[in-house]
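Some notes on the structure that comes next.
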Amino acid sequence: MIDGLARAMLEGDRNGDGPAKGGDRRREIRGMESTGGDPTDERAFVAALQAGERVAFERLVREHGARMLAVARRMVRDEATAQDCLQDAFLSVHRAIGRFEPTGSLGGWLHRITVNACLMRLRANKRLAETSIDELLPAFDPDGIRLGEPRTEIRNPEDALEAARIRVYMRQKIDELPDGYRIVLLLRDIEGYSTREAAEMVGVAEGALKVRLHRARAALKTLVEPLWDELGTA
Amino acid sequence: MITRRKLRWRIQHWLEARLPGLLTCAQFEALVDAYIDGELGPVARATVDFHMRTCPVCLRYVAAYRKVRDMAADTLTRPEAEALDAIPEDLVAAILAARDAEAGRKTP
Ligand SMILES: [Zn+2]
């Protein structure tokens with residue numbers, strides 16, 4: 001998919017004239033920043049968790065559960081499964097808390113456990129199986145020229161109601177992507193993981209992950225194209 | 001039916017596809033993610049920029065591509081703010097029960 005010249009340019013740039021800077025959208029793992037509390041307090045809290053104190057565990061569920069549930073709701077399509085994933089995640093937390101390094105971010109650790117719990121469920125449902133999305137990808141003629149017309153630019157929603165309607169529509173379209181692509185899009189563009197981290201979580205090579213992210217974004221763009229006809233400014 | 005304007009693009013594109021150092025749209029496509037994610041080095045970025053200056057189809061394509069990526073992020077992260085205070089009580093109870101069962105199994 002990435003052809004020779006483009007690859008050579010990418011690699012030439014990486015090796016030669018300056019480092020490929022981590023993008024303008026690098027961000028913290030979403031909503032999983034440290035609770036902002038006193039670090040010594042967090043250390044004591046982790047120690048209590050590691051000692052198996054039930055009160056500490058309940059506090060963990062109440063303080064972090066909502067954020068983790070929000071992650072699960074993004075990853076799976078229905079509420080019941082999201083709640084099951086959250087249960088799985090907290091069982092993993094219970095089993096693994098002894099291995100948690102108190103120097104690390106508790107929020108980041110919980111986020112990753114939640115994502116992994118969701119991936120396990122999705123895999124168990126065989127929903128990560130590859131489905132072709134070729135017909136949603138851009139097309140080129142034999143000379144490598146893009147087929148199709150330039151589209152008008154999309155305008156911003158006029159009011160909150162329209163914005164909300166668009167979000168519902170977007171969510172539907174994201175959910176239409178086959179899971180193998182949808183998950184990659186979520187991990188990279190929404191959950192804030194790097195290519196390397198996302199590749200590790202999904203269990204594919206980094207190059208394969210990049211290709212999948214590209215296909216996911218391109219397919220989603222095609223899926224939401226009716227919005228352009230509706231919202232495009234002439 | 002092919003308009004004059006379309007014909008002009010076609011010719012321009014055809015030439016560009018054959019000039020060394022310039023990208024075809026297909027080669028451009030392979031660089032799109034690295035471009036919008038800010039991961040291209042200066043040379044590759046300049047080449048991509050140049051293609052967009054001469055190719056209105058790709059210029060609009062990238063704008064839409066980037067917009068969809070941003071809209072997806074906005075869509076999926078918005079409900080999070082509302083969800084932060086709300087973890088259902090019965091779910092908390094179920095989680096704690098599962099934890100207790102597990103703890104009980106380990107240390108009888
Ligand atoms: Zn082009």
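For the stretch B:81-99, the tally of residues that are facing chain A (nearest Cβ under 7 Å) and either open to solvent by less than 20 Å² (accessible area, probe 1.4 Å) or modelled with pLDDT of 85 or more (or both) stands at 9. Quick check: anything in the stretch A:95-109 closer than 29 Å to A:LEU177 by Cβ, open to solvent by 10 Å² or more (accessible area, probe 1.4 Å) and assigned to a helix (DSSP H, G or I)? Yes, there is a match, as at least one residue in the stretch A:95-109 is closer than 29 Å to A:LEU177 by Cβ, open to solvent by 10 Å² or more (accessible area, probe 1.4 Å) and assigned to a helix (DSSP H, G or I). Within the stretch A:142-196, being among the aliphatic types (A, V, I, L, M), at pLDDT below 90, open to solvent by less than 60 Å² (accessible area, probe 1.4 Å) and over 30 Å from B:LEU7 (Cα atoms) holds for A:ALA163, A:ALA164, A:ILE166.
The residue that is surrounded by the fewest Cβ atoms within 10 Å (Cβ to Cβ), among those in the stretch B:62-80 that are facing chain A (nearest Cβ under 7 Å) and within 15 Å of the ligand (Cβ to nearest atom), is B:ALA63.
Tell me, which residue of the stretch A:165-179 that is in a helix (DSSP H, G or I) and in contact (Cβ under 8 Å) with a residue 24 or more places away in the chain is farthest from the other protein chains (Cβ to nearest Cβ)? Per the criteria, the residue is A:ASP179. For residues that are assigned to a helix (DSSP H, G or I), open to solvent by 50 Å² or more (accessible area, probe 1.4 Å) and among the hydrophobic types (A, V, I, L, M, F, W, C), scanning just the stretch A:47-62, find the one that is modelled with the highest pLDDT. Ranking the candidates gives A:VAL55 first. Condition (residue is in a helix (DSSP H, G or I) and either open to solvent by less than 60 Å² (accessible area, probe 1.4 Å) or at pLDDT below 50 (or both)) applied to the stretch A:20-40: is it met by at least one residue? The answer is no, given that none of the residues of the stretch A:20-40 is in a helix (DSSP H, G or I) and either open to solvent by less than 60 Å² (accessible area, probe 1.4 Å) or at pLDDT below 50 (or both). Check whether at least one residue in the stretch A:185-204 is without any contact (Cβ under 8 Å) to a residue 12 or more places away in the chain, touching a Phe, Trp or Tyr at 6+ places or on another chain (Cβ under 7 Å) and not assigned by TED's automatic domain parsing to the domain that holds A:ALA72, and report yes or no. No, the stretch A:185-204 contains no residue that is without any contact (Cβ under 8 Å) to a residue 12 or more places away in the chain, touching a Phe, Trp or Tyr at 6+ places or on another chain (Cβ under 7 Å) and not assigned by TED's automatic domain parsing to the domain that holds A:ALA72. Here is the figure for the stretch A:67-91: residues that are outside any helix (DSSP H, G or I) and open to solvent by 10 Å² or more (accessible area, probe 1.4 Å) total 2.
Please work out which residue is nearest to A:LEU185 (Cα to Cα), limiting yourself to the stretch B:37-61 and to residues that are touching a Gly at 6+ places or on another chain (Cβ under 8 Å) and more than 10 Å from the ligand (Cβ to nearest atom). That would be B:ASP37.
For the stretch B:21-31, which positions are at the interface with chain A (Cβ under 7 Å from one of its Cβ atoms) and either open to solvent by less than 10 Å² (accessible area, probe 1.4 Å) or near the ligand (Cβ under 10 Å from one of its atoms) (or both)? Scanning the stretch B:21-31 gives B:THR24, B:CYS25, B:ALA26, B:GLN27, B:GLU29, B:LEU31.
Taking residues in the stretch B:31-55 that are under 24 Å from A:GLY148 (Cα atoms) and touching a residue at least 24 places away in the same chain (Cβ under 8 Å), and partners anywhere that are more than 15 Å from the ligand (Cβ to nearest atom) and assigned to a helix (DSSP H, G or I), the pairs with Cβ atoms closer than 6 Å and at least 6 places apart or on different chains are B:ILE36/B:ARG66. Among the residues of the stretch B:26-80, write down those that are modelled with pLDDT of 90 or more and of a type in the set (S, T, N, Q). Matches in the stretch B:26-80: B:GLN27, B:THR47.
The values are calculated or read from the model by the stated rules, or taken from the named source; none is laboratory data. Not measured: the values here are computed from a predicted model. Here Cβ is always computed from backbone atoms with ideal geometry, including for glycine, and neighbour counts include all displayed protein chains. We work out accessible area using only protein heavy atoms, side chains counted, and drop any ligands, DNA or RNA first. Shrake-Rupley method; radii C 1.70, N 1.55, O 1.52, S 1.80 Å.
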